[in-house]
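See below for the structure under consideration.
The values are calculated or read from the model by the stated rules, or taken from the named source; none is laboratory data. Because the structure is predicted, anything quoted here is derived from the model rather than measured. Here the Cβ positions follow ideal geometry from the backbone for every residue, glycine too, while neighbour counts run over all protein chains shown. Side chains are part of the model used for accessible areas, which takes the heavy atoms of the whole protein and leaves out ligands, DNA and RNA. Shrake-Rupley method; radii C 1.70, N 1.55, O 1.52, S 1.80 Å.
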Amino acid sequence: MGWVDPVTKAVVPPIHMASTYLRDEDNGYRSGRIYARADNPTFDQAEATLAALEGGAKALVFSSGMSAATACFLALSPGDHVVVPKVMYWSLRNWLLTFATHWGLVVEFVDGDRTDAFAAAVKPGRTKLVWLETPANPTWAVSDIAAIAEIAHKAGALLGVDSTVATPVLTRPIEHGADIVMHSATKYLNGHSDIIAGALVGARDDAHWAKLRAIRAQLGTILGQTEAWLLMRGMRTLYPRVAWACRSAQTLAERFAAHPMVAEVLYPGLPSFAGHAAAARQMTGGFGGMLSVRVKGGERAAIATAARVELWKRATSLGGVESLIEHRASIEGAGTPCPPDLLRLSVGVEEAGDLFDDLDQALKRAHNA
Ligand code: PLP
(Lines give C-alpha, C1' and ligand atoms only; values in the text may rest on other atoms or scores of the structure.)
Protein backbone atom coordinates (compact mmCIF):
# COMPACT_ATOMS: atom_id res chain seq x y z
CA MET A 1 0.00 0.00 0.00
CA GLY A 2 1.43 3.40 -0.93
CA TRP A 3 4.90 3.64 -2.51
CA VAL A 4 8.60 3.69 -1.63
CA ASP A 5 9.93 7.26 -1.23
CA PRO A 6 11.68 7.96 -4.57
CA VAL A 7 14.43 10.15 -3.03
CA THR A 8 15.44 8.22 0.11
CA LYS A 9 14.05 4.76 -0.81
CA ALA A 10 12.35 4.68 2.61
CA VAL A 11 9.57 2.08 2.64
CA VAL A 12 7.58 4.24 5.06
CA PRO A 13 6.63 7.73 3.83
CA PRO A 14 8.15 10.86 5.40
CA ILE A 15 6.14 13.54 7.23
CA HIS A 16 6.38 16.98 5.61
CA MET A 17 6.13 19.68 8.26
CA ALA A 18 6.41 22.77 6.00
CA SER A 19 3.50 25.21 6.00
CA THR A 20 4.80 27.17 2.97
CA TYR A 21 6.67 26.45 -0.29
CA LEU A 22 9.34 28.27 -2.30
CA ARG A 23 8.15 30.44 -5.14
CA ASP A 24 9.97 30.28 -8.51
CA GLU A 25 12.20 33.24 -9.53
CA ASP A 26 9.79 34.13 -12.33
CA ASN A 27 7.02 34.45 -9.67
CA GLY A 28 5.40 31.11 -10.57
CA TYR A 29 4.61 28.08 -8.43
CA ARG A 30 5.51 25.24 -10.78
CA SER A 31 5.71 22.75 -7.87
CA GLY A 32 1.95 23.18 -7.57
CA ARG A 33 2.33 23.85 -3.83
CA ILE A 34 1.88 27.28 -2.31
CA TYR A 35 0.60 27.05 1.26
CA ALA A 36 -0.30 24.06 3.44
CA ARG A 37 -3.90 25.10 4.12
CA ALA A 38 -4.59 23.85 0.58
CA ASP A 39 -2.66 20.58 0.73
CA ASN A 40 0.47 18.90 2.00
CA PRO A 41 2.73 16.22 0.44
CA THR A 42 2.05 13.99 3.47
CA PHE A 43 -1.53 13.69 2.18
CA ASP A 44 -0.40 12.31 -1.19
CA GLN A 45 -0.03 8.64 -0.27
CA ALA A 46 -3.15 8.55 1.91
CA GLU A 47 -5.26 10.25 -0.79
CA ALA A 48 -3.89 8.12 -3.65
CA THR A 49 -4.44 4.97 -1.59
CA LEU A 50 -8.02 5.95 -0.75
CA ALA A 51 -8.85 6.78 -4.37
CA ALA A 52 -7.44 3.40 -5.45
CA LEU A 53 -9.26 1.47 -2.70
CA GLU A 54 -12.60 3.06 -3.61
CA GLY A 55 -12.05 2.95 -7.38
CA GLY A 56 -12.45 6.75 -7.55
CA ALA A 57 -10.65 9.45 -9.52
CA LYS A 58 -9.47 11.55 -6.55
CA ALA A 59 -9.54 11.66 -2.75
CA LEU A 60 -9.25 14.43 -0.17
CA VAL A 61 -8.41 13.95 3.50
CA PHE A 62 -10.13 16.25 6.01
CA SER A 63 -9.73 17.24 9.65
CA SER A 64 -12.68 15.01 10.65
CA GLY A 65 -15.47 12.92 9.22
CA MET A 66 -17.84 15.79 10.04
CA SER A 67 -15.80 18.32 8.04
CA ALA A 68 -15.71 15.90 5.07
CA ALA A 69 -19.47 15.29 5.22
CA THR A 70 -20.47 18.92 5.75
CA ALA A 71 -18.28 19.99 2.78
CA CYS A 72 -20.62 17.95 0.53
CA PHE A 73 -23.62 20.00 1.72
CA LEU A 74 -21.75 23.33 1.77
CA ALA A 75 -20.94 22.77 -1.92
CA LEU A 76 -24.67 23.26 -2.61
CA SER A 77 -26.61 26.55 -2.66
CA PRO A 78 -29.28 27.89 -0.32
CA GLY A 79 -32.68 26.74 -1.62
CA ASP A 80 -31.35 23.38 -2.85
CA HIS A 81 -33.27 20.28 -1.79
CA VAL A 82 -31.45 17.27 -0.31
CA VAL A 83 -32.77 13.84 0.66
CA VAL A 84 -31.10 12.11 3.61
CA PRO A 85 -31.85 9.04 5.78
CA LYS A 86 -33.61 9.32 9.15
CA VAL A 87 -31.11 6.94 10.74
CA MET A 88 -27.64 8.34 10.21
CA TYR A 89 -24.65 9.55 12.24
CA TRP A 90 -26.47 11.67 14.82
CA SER A 91 -24.14 14.68 14.76
CA LEU A 92 -24.55 15.09 11.00
CA ARG A 93 -28.33 14.78 11.41
CA ASN A 94 -28.22 17.55 14.06
CA TRP A 95 -26.10 19.76 11.78
CA LEU A 96 -28.56 19.24 8.91
CA LEU A 97 -31.49 20.11 11.19
CA THR A 98 -29.80 23.24 12.55
CA PHE A 99 -26.99 24.94 10.60
CA ALA A 100 -27.80 23.54 7.15
CA THR A 101 -31.51 24.30 7.48
CA HIS A 102 -30.88 27.86 8.77
CA TRP A 103 -28.42 28.39 5.93
CA GLY A 104 -31.20 27.56 3.46
CA LEU A 105 -30.94 23.91 2.45
CA VAL A 106 -34.29 22.12 2.29
CA VAL A 107 -33.57 18.84 4.04
CA GLU A 108 -35.96 15.91 3.67
CA PHE A 109 -35.56 12.83 5.89
CA VAL A 110 -36.70 9.40 4.63
CA ASP A 111 -36.31 5.77 5.71
CA GLY A 112 -32.86 4.88 4.40
CA ASP A 113 -33.74 1.24 3.76
CA ARG A 114 -36.81 2.08 1.66
CA THR A 115 -35.85 2.71 -1.95
CA ASP A 116 -39.45 3.76 -2.74
CA ALA A 117 -39.17 6.54 -0.12
CA PHE A 118 -36.25 8.07 -2.06
CA ALA A 119 -38.22 7.80 -5.31
CA ALA A 120 -41.13 9.66 -3.69
CA ALA A 121 -38.95 12.35 -2.08
CA VAL A 122 -36.67 13.47 -4.94
CA LYS A 123 -37.77 16.58 -6.82
CA PRO A 124 -36.37 16.53 -10.38
CA GLY A 125 -34.28 19.65 -10.96
CA ARG A 126 -34.50 20.79 -7.31
CA THR A 127 -32.87 17.88 -5.49
CA LYS A 128 -29.13 18.36 -5.76
CA LEU A 129 -27.84 15.70 -3.38
CA VAL A 130 -29.11 12.37 -2.11
CA TRP A 131 -27.19 11.11 0.93
CA LEU A 132 -26.91 7.56 2.21
CA GLU A 133 -25.21 5.94 5.15
CA THR A 134 -25.01 2.17 4.77
CA PRO A 135 -25.01 0.21 7.01
CA ALA A 136 -26.51 3.07 9.06
CA ASN A 137 -25.34 3.82 12.55
CA PRO A 138 -26.65 2.43 14.97
CA THR A 139 -29.41 0.14 13.59
CA TRP A 140 -27.29 -0.96 10.59
CA ALA A 141 -30.21 -0.44 8.18
CA VAL A 142 -28.98 -1.12 4.64
CA SER A 143 -29.67 1.15 1.65
CA ASP A 144 -29.66 -0.22 -1.89
CA ILE A 145 -26.93 2.00 -3.37
CA ALA A 146 -27.42 1.03 -7.05
CA ALA A 147 -31.21 1.52 -7.01
CA ILE A 148 -31.00 4.86 -5.17
CA ALA A 149 -28.16 6.06 -7.44
CA GLU A 150 -30.47 5.57 -10.41
CA ILE A 151 -33.24 7.55 -8.70
CA ALA A 152 -30.85 10.38 -7.76
CA HIS A 153 -29.32 10.63 -11.24
CA LYS A 154 -32.71 10.62 -13.00
CA ALA A 155 -33.68 13.60 -10.82
CA GLY A 156 -30.40 15.39 -11.69
CA ALA A 157 -28.94 14.90 -8.20
CA LEU A 158 -25.59 13.54 -7.02
CA LEU A 159 -25.38 10.55 -4.71
CA GLY A 160 -23.11 10.76 -1.64
CA VAL A 161 -22.53 7.68 0.53
CA ASP A 162 -21.14 7.64 4.06
CA SER A 163 -19.32 4.31 3.83
CA THR A 164 -17.51 4.57 7.17
CA VAL A 165 -18.89 1.27 8.48
CA ALA A 166 -18.63 -0.75 5.26
CA THR A 167 -15.10 0.45 4.40
CA PRO A 168 -13.80 -0.16 0.85
CA VAL A 169 -12.97 -3.70 1.96
CA LEU A 170 -16.67 -4.62 1.97
CA THR A 171 -18.40 -2.11 -0.37
CA ARG A 172 -17.15 0.20 -3.13
CA PRO A 173 -20.10 2.58 -3.57
CA ILE A 174 -18.71 4.16 -6.76
CA GLU A 175 -19.06 0.76 -8.49
CA HIS A 176 -22.76 0.92 -7.55
CA GLY A 177 -23.24 4.42 -8.95
CA ALA A 178 -22.24 6.77 -6.11
CA ASP A 179 -20.64 10.09 -7.06
CA ILE A 180 -18.95 10.80 -3.72
CA VAL A 181 -17.88 8.42 -0.95
CA MET A 182 -17.34 9.81 2.53
CA HIS A 183 -15.49 8.26 5.47
CA SER A 184 -14.97 9.11 9.06
CA ALA A 185 -11.35 8.01 8.73
CA THR A 186 -11.24 8.20 12.53
CA LYS A 187 -12.79 4.72 12.41
CA TYR A 188 -11.69 1.65 10.41
CA LEU A 189 -9.35 3.44 8.00
CA ASN A 190 -7.15 4.56 10.89
CA GLY A 191 -8.19 1.65 13.08
CA HIS A 192 -6.25 2.54 16.24
CA SER A 193 -8.45 5.20 17.92
CA ASP A 194 -5.60 7.72 17.86
CA ILE A 195 -6.65 10.36 15.31
CA ILE A 196 -9.76 12.29 14.19
CA ALA A 197 -9.86 12.35 10.39
CA GLY A 198 -12.21 12.37 7.42
CA ALA A 199 -12.05 11.64 3.72
CA LEU A 200 -13.97 12.11 0.50
CA VAL A 201 -13.45 10.12 -2.68
CA GLY A 202 -14.84 11.48 -5.94
CA ALA A 203 -15.92 9.34 -8.87
CA ARG A 204 -14.76 12.12 -11.22
CA ASP A 205 -12.16 14.89 -11.13
CA ASP A 206 -14.62 17.55 -12.32
CA ALA A 207 -15.88 21.04 -11.43
CA HIS A 208 -17.82 19.71 -8.44
CA TRP A 209 -14.68 18.05 -7.12
CA ALA A 210 -12.77 21.33 -7.54
CA LYS A 211 -15.45 22.99 -5.39
CA LEU A 212 -15.00 20.42 -2.60
CA ARG A 213 -11.24 20.95 -2.73
CA ALA A 214 -11.74 24.73 -2.55
CA ILE A 215 -14.07 24.38 0.47
CA ARG A 216 -11.40 22.41 2.34
CA ALA A 217 -8.75 25.02 1.54
CA GLN A 218 -11.01 27.99 2.37
CA LEU A 219 -12.35 26.60 5.65
CA GLY A 220 -8.95 25.16 6.53
CA THR A 221 -10.47 21.79 7.42
CA ILE A 222 -7.29 19.97 6.44
CA LEU A 223 -5.76 17.06 8.27
CA GLY A 224 -2.59 17.63 10.31
CA GLN A 225 0.59 16.13 8.82
CA THR A 226 1.09 13.68 11.68
CA GLU A 227 -2.54 12.58 11.49
CA ALA A 228 -2.24 12.03 7.73
CA TRP A 229 0.81 9.84 8.37
CA LEU A 230 -1.02 7.89 11.10
CA LEU A 231 -3.97 7.41 8.73
CA MET A 232 -1.65 5.91 6.12
CA ARG A 233 -0.04 3.72 8.79
CA GLY A 234 -3.49 2.47 9.83
CA MET A 235 -4.62 1.78 6.28
CA ARG A 236 -1.72 -0.66 5.80
CA THR A 237 -3.59 -3.16 8.00
CA LEU A 238 -7.14 -2.26 6.90
CA TYR A 239 -7.87 -5.55 5.13
CA PRO A 240 -6.83 -8.01 7.90
CA ARG A 241 -8.44 -5.85 10.64
CA VAL A 242 -11.77 -5.59 8.82
CA ALA A 243 -11.78 -9.27 7.83
CA TRP A 244 -11.14 -10.29 11.45
CA ALA A 245 -13.82 -7.93 12.82
CA CYS A 246 -16.38 -9.25 10.30
CA ARG A 247 -15.76 -12.88 11.29
CA SER A 248 -16.05 -12.08 15.00
CA ALA A 249 -19.14 -9.86 14.54
CA GLN A 250 -20.89 -12.61 12.57
CA THR A 251 -20.13 -15.15 15.33
CA LEU A 252 -21.28 -12.76 18.07
CA ALA A 253 -24.48 -11.84 16.16
CA GLU A 254 -25.40 -15.52 15.74
CA ARG A 255 -24.64 -16.38 19.37
CA PHE A 256 -26.41 -13.37 20.91
CA ALA A 257 -29.46 -13.93 18.66
CA ALA A 258 -30.05 -17.09 20.73
CA HIS A 259 -29.31 -15.44 24.11
CA PRO A 260 -32.19 -15.51 26.62
CA MET A 261 -31.55 -11.91 27.78
CA VAL A 262 -31.36 -10.43 24.26
CA ALA A 263 -34.59 -9.33 22.57
CA GLU A 264 -33.05 -8.75 19.12
CA VAL A 265 -29.70 -8.55 17.36
CA LEU A 266 -29.32 -5.98 14.59
CA TYR A 267 -26.67 -7.13 12.11
CA PRO A 268 -26.77 -7.21 8.27
CA GLY A 269 -25.13 -10.65 8.27
CA LEU A 270 -28.12 -12.35 9.91
CA PRO A 271 -30.49 -13.83 7.28
CA SER A 272 -33.42 -12.69 9.49
CA PHE A 273 -32.27 -9.01 9.29
CA ALA A 274 -34.48 -6.82 7.09
CA GLY A 275 -31.58 -5.50 5.02
CA HIS A 276 -29.78 -8.82 4.60
CA ALA A 277 -30.62 -9.33 0.90
CA ALA A 278 -29.50 -5.80 -0.09
CA ALA A 279 -26.37 -6.20 2.05
CA ALA A 280 -25.55 -9.53 0.39
CA ARG A 281 -25.80 -7.82 -3.03
CA GLN A 282 -23.46 -4.93 -2.31
CA MET A 283 -21.16 -6.18 0.49
CA THR A 284 -18.45 -8.69 -0.33
CA GLY A 285 -16.29 -10.55 2.17
CA GLY A 286 -18.45 -9.92 5.23
CA PHE A 287 -21.12 -7.73 6.78
CA GLY A 288 -19.01 -5.44 8.93
CA GLY A 289 -17.66 -5.29 12.44
CA MET A 290 -20.62 -3.36 13.91
CA LEU A 291 -23.75 -4.85 15.47
CA SER A 292 -26.30 -3.81 18.07
CA VAL A 293 -28.12 -5.86 20.69
CA ARG A 294 -31.51 -4.89 22.12
CA VAL A 295 -31.54 -5.99 25.75
CA LYS A 296 -34.62 -7.54 27.37
CA GLY A 297 -35.67 -5.32 30.27
CA GLY A 298 -35.34 -2.03 28.37
CA GLU A 299 -33.10 0.98 28.94
CA ARG A 300 -32.21 0.23 32.57
CA ALA A 301 -31.14 -3.32 31.77
CA ALA A 302 -29.09 -2.08 28.80
CA ILE A 303 -27.24 0.54 30.87
CA ALA A 304 -26.75 -1.96 33.73
CA THR A 305 -25.26 -4.45 31.26
CA ALA A 306 -22.81 -1.90 29.84
CA ALA A 307 -21.78 -1.07 33.42
CA ARG A 308 -20.72 -4.70 34.04
CA VAL A 309 -18.44 -5.47 31.06
CA GLU A 310 -14.75 -6.02 31.70
CA LEU A 311 -13.18 -6.80 28.31
CA TRP A 312 -15.39 -4.52 26.19
CA LYS A 313 -14.65 -0.83 26.80
CA ARG A 314 -17.55 1.54 27.56
CA ALA A 315 -16.78 4.29 25.03
CA THR A 316 -18.09 6.03 21.96
CA SER A 317 -16.58 5.71 18.44
CA LEU A 318 -15.98 2.53 16.48
CA GLY A 319 -13.64 0.71 14.12
CA GLY A 320 -10.59 0.48 16.37
CA VAL A 321 -8.67 -2.61 17.46
CA GLU A 322 -10.31 -2.49 20.90
CA SER A 323 -13.93 -3.63 21.25
CA LEU A 324 -16.32 -0.89 22.38
CA ILE A 325 -19.82 -0.97 23.84
CA GLU A 326 -22.14 2.02 24.02
CA HIS A 327 -25.65 2.85 25.19
CA ARG A 328 -26.38 4.88 22.11
CA ALA A 329 -29.73 6.57 22.89
CA SER A 330 -28.28 8.44 25.89
CA ILE A 331 -25.49 9.85 23.70
CA GLU A 332 -27.84 10.91 20.90
CA GLY A 333 -30.39 12.56 23.24
CA ALA A 334 -33.92 13.81 22.55
CA GLY A 335 -35.39 13.04 19.13
CA THR A 336 -33.13 10.08 18.43
CA PRO A 337 -34.60 7.23 16.37
CA CYS A 338 -32.32 4.88 18.37
CA PRO A 339 -34.27 2.44 20.61
CA PRO A 340 -33.55 2.97 24.36
CA ASP A 341 -32.72 -0.71 24.94
CA LEU A 342 -29.97 -0.74 22.29
CA LEU A 343 -26.28 -1.37 23.01
CA ARG A 344 -23.96 -0.68 20.08
CA LEU A 345 -21.00 -3.02 19.73
CA SER A 346 -17.82 -2.25 17.78
CA VAL A 347 -15.92 -5.51 17.45
CA GLY A 348 -12.14 -5.25 17.70
CA VAL A 349 -9.39 -7.83 17.46
CA GLU A 350 -9.92 -9.73 20.73
CA GLU A 351 -11.05 -13.38 20.51
CA ALA A 352 -14.77 -13.64 19.70
CA GLY A 353 -15.21 -16.29 22.41
CA ASP A 354 -13.77 -13.96 25.07
CA LEU A 355 -16.00 -11.11 23.85
CA PHE A 356 -19.07 -13.35 24.01
CA ASP A 357 -18.23 -14.59 27.52
CA ASP A 358 -17.71 -11.04 28.82
CA LEU A 359 -20.99 -9.66 27.51
CA ASP A 360 -22.80 -12.84 28.54
CA GLN A 361 -21.67 -12.45 32.17
CA ALA A 362 -22.62 -8.74 32.09
CA LEU A 363 -26.11 -9.53 30.76
CA LYS A 364 -26.61 -12.19 33.47
CA ARG A 365 -25.28 -10.00 36.32
CA ALA A 366 -27.42 -7.05 35.18
CA HIS A 367 -30.47 -9.34 34.97
CA ASN A 368 -29.91 -10.67 38.49
CA ALA A 369 -29.06 -7.29 40.06
N1 PLP B 1 -20.14 9.04 9.96
C2 PLP B 1 -20.23 7.99 10.80
C3 PLP B 1 -20.96 6.77 10.33
C4 PLP B 1 -19.68 8.05 12.08
O5 PLP B 1 -19.80 6.99 12.90
C6 PLP B 1 -19.01 9.24 12.50
C7 PLP B 1 -18.44 9.36 13.84
O8 PLP B 1 -18.78 8.61 14.75
C9 PLP B 1 -18.94 10.32 11.61
C10 PLP B 1 -19.50 10.18 10.35
C11 PLP B 1 -18.26 11.59 12.00
O12 PLP B 1 -16.88 11.40 11.97
P13 PLP B 1 -15.81 12.20 12.88
O14 PLP B 1 -16.10 11.85 14.31
O15 PLP B 1 -14.51 11.69 12.37
O16 PLP B 1 -16.03 13.65 12.62
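Hey, what's the Cα Rg ratio for region 41-235 versus the globular rule of thumb, 2.2 N^0.38 Å?
Cα Rg divided by the expected 2.2 N^0.38 Å: 0.94.
For the chain, set up a GNM with springs between Cα atoms under 10 Å and report which of Arg204, Arg233, Arg294 has the largest fluctuation.
Arg204
For region 41-235, give the magnitude of the charge dipole about the Cα centre (Cβ charges: +1 Lys/Arg, -1 Asp/Glu; no others), in debye to the nearest 20.
340
In Å², and per residue, what accessible area does region 302-369 have when probed at 1.4 Å with the other protein chains present?
On a per-residue basis, region 302-369 sits at 40 Å².
Quote the accessible area belonging to Lys9 in square angstrom, nearest 10, computed with a 1.4 Å probe and with ligands, DNA and RNA left uncounted.
Using a 1.4 Å probe on the heavy atoms, I get roughly 140 Å².
Can you tell which of Lys211, Lys187, Lys58 shows the greatest fluctuation in a Gaussian network model of the chain with Cα springs below 10 Å?
Most flexible of the set in this elastic network: Lys211.
Bin width 20 Å, origin at 0, all Cα-Cα pairs of the chain: what percent of pairs per bin?
29, 55, 15, 1
Determine which lysines satisfy two conditions relative to Lys154: a Cα distance under 29 Å, and not lying fewer than 8 residues away in the same chain.
Answer for Lys154, where 29 Å is the Cα cut-off: Lys58, Lys86, Lys123, Lys128, Lys211, listed by chain and number.
Dipole size in debye (nearest 20) for region 239-368 around its Cα centre, Lys and Arg Cβ +1, Asp and Glu Cβ -1?
Around 220 debye, computed over region 239-368.
How big is the antiparallel share of DSSP beta bridges in the chain, given as a percent to the nearest 5?
60
Can you work out the accessible area per residue across region 1-92, with the rest of the protein chains kept in place, probe 1.4 Å, in square angstrom?
Roughly 48 Å² per residue, with all protein chains present.
Using a 1.4 Å probe over the heavy atoms of the protein chains, calculate the carbon and sulfur portion of the accessible area of the chain as a whole percent.
Roughly 56 percent, rounded to a whole number.
Charges only on Cβ, +1 for Lys and Arg, -1 for Asp and Glu: so what's the dipole of region 88-169 about the Cα centre, in debye to the nearest 20?
Roughly 320 debye for region 88-169.
P(r) of region 1-110 in 10 Å steps, Cα pairs, percent per bin?
The percentages, shortest bin first, are 11, 29, 28, 20, 11, 1.
Suppose we keep just the alpha-carbon trace of region 62-176; what are its Rg and Dmax in angstrom?
In order Rg, Dmax, the Cα atoms of region 62-176 give 13.0, 37 Å.
If you take the charge dipole of region 54-138 about its Cα centre, with +1 on Lys and Arg Cβ and -1 on Asp and Glu Cβ, which of His102, Val87, Ala121 is farthest toward its positive end?
About the Cα centre, the residue reaching furthest to the positive side is His102.
Heavy atoms only, probe 1.4 angstrom, no DNA, RNA or ligands counted: give me Tyr89, Tyr267, Tyr239, Tyr35 ranked by accessible area, highest first.
Output order, biggest surface exposure first: Tyr35, Tyr239, Tyr89, Tyr267.
Could you order Thr115, Thr42 by accessible surface area, starting with the largest, using a probe radius of 1.4 Å?
Thr115, Thr42
Got a sec? Charge dipole of region 239-368, +1 on Cβ for Lys and Arg, -1 for Asp and Glu; which of Gly289, Leu342, Ser248 is way out at the positive end?
The Cα lying farthest towards the positive end belongs to Leu342.
Just to confirm the number: angle between the C-alpha axis of helix 298-307 and the first principal axis of the chain, 0 to 90 degrees, nearest 10?
Computed tilt is about 70 degrees.
For Ser184, tell me the accessible area in Å² from a 1.4 Å probe, rounded to the nearest 10.
20
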